[in-house]
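The values are calculated or read from the model by the stated rules, or taken from the named source; none is laboratory data. This one's a predicted model, so the numbers in the text were calculated from it and none came from an experiment. Note that we place each Cβ from the backbone using ideal geometry, even for glycine, and neighbour counts take in every protein chain shown. With ligands, DNA and RNA removed, areas are computed over all heavy atoms of the protein, side chains included. Shrake-Rupley method; radii C 1.70, N 1.55, O 1.52, S 1.80 Å.
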Amino acid sequence: MADWPPAEAVAQRRYIAADGTLSCEPGAAAAPAVLRYDPADPTPSVGGATLSPKAGPRDNTALEARDDVLTFTTPPLTEPLEVCGPVSADLYAATGTDHIDVFARLCDVDERGRSTNVCDGILRLTPNGSTPARITVALSPTAYRFGSGHRVRLQLSGGAHPRFARNTGSGEPAHTAREIVPTSVEFHPGSALVLPVVPTRSRTDC
């Protein structure tokens, strides 16, 4: 490529909904999606960019069955979709009085329902009250082609342990924290997965 990211890549947003869908248009005002996290039983890490024999793309099916993992998924793609460049989760989040991390992951769901990780990132949040604040979780850049019939998925959780140190939820410094506090965060309408789509190589429904 002459440039990175490709000059022709266009940022496209796919919006989350509390019913677990991911769509091209923001839905009507609805109840937020609520993520709850218990640092006493931290959400485990699966695959990803680690120095481990278990690194890289892995089946996320068991991980996504946990109560502390939210998923938002598109309908099956009618044409291949190529993304090339930086990926992000642009979220409207309300943490109340809680200290919590947001781990965001882009996944490819095949025709059999197997969810495989593509790229991910994490952001530590501090209390921001009940009014949603805009946050951006930067995922690692990627160059990836979703096949026709596959689905695009955004996965959200409160961490990926032990790849990333768990947030104890107490607000104490990480290296001296003693208290373990369950926490939660609300994701409000307008929250979206932002993909760098190469339109000359892809046809999309957006």
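In terms of its alpha-carbon gyration tensor, the stretch 13-98 comes out oblate; a/c meets the 1.5 threshold, while b/c is at least as large as a/b.
Counting protein heavy atoms only, the chain has 53 percent of its accessible area on carbon and sulfur, 1.4 angstrom probe. Shown are Val69, Val10, whose ranking by accessible area with a 1.4 Å probe and every protein chain present, most to least, is Val10, Val69. Place +1 on the Cβ of every Lys and Arg and -1 on the Cβ of every Asp and Glu in the chain, take the dipole about the Cα centre, and give the residue among Val102, Ala165, Val185 whose Cα lies farthest towards its positive end. So the residue we want is Ala165.
In the assembled protein chains, Ser45 presents an accessible area of approximately 40 Å² (probe radius 1.4 Å). Here the 3J(HN,Hα) profile of the stretch 8-23, calculated from phi with Karplus coefficients 6.51, -1.76 and 1.60 at θ = phi - 60°, is 7, 5, 10, 5, 10, 9, 10, 8, 8, 9, 4, 7, x, 8, 9, 9 Hz, Gly and Pro shown as x. Across the chain, Cα pairs under 8 Å and at least six residues apart give a relative contact order of 35 percent.
Multiplying the residue separation of His175 and Arg66 by 0.36 nm and subtracting their alpha-carbon distance yields 36.5 nm.
Any chance you could look up the accessible area of Tyr37 with a 1.4 Å probe, heavy atoms only, rounded to 10 Å²? Answer for Tyr37: close to 10 Å² accessible. Normalised per residue, the accessible area of the chain is 49 Å², obtained with a 1.4 Å probe and no contribution from ligands, DNA or RNA.
Per-residue packing, averaged as other Cβ atoms within 10 Å, sorts the ranges 117-124, 83-90 into the order 83-90, 117-124, beginning with the highest. In terms of packing, defined here as the mean over residues of other Cβ atoms within 10 angstrom, the peptides 46-55, 103-112, 166-175 line up highest first as 103-112, 166-175, 46-55. Between Arg163, Arg36, Arg178, the Gaussian network model of the chain with springs among Cα atoms under 10 angstrom shows the greatest mean-square fluctuation at Arg178.
Across the stretch 122-129, coupling constants 3J(HN,Hα) worked out from phi with the 6.51/-1.76/1.60 Karplus curve, θ = phi - 60°, read 9, 9, 8, 10, 10, x, 10, x Hz, and Gly and Pro carry x.
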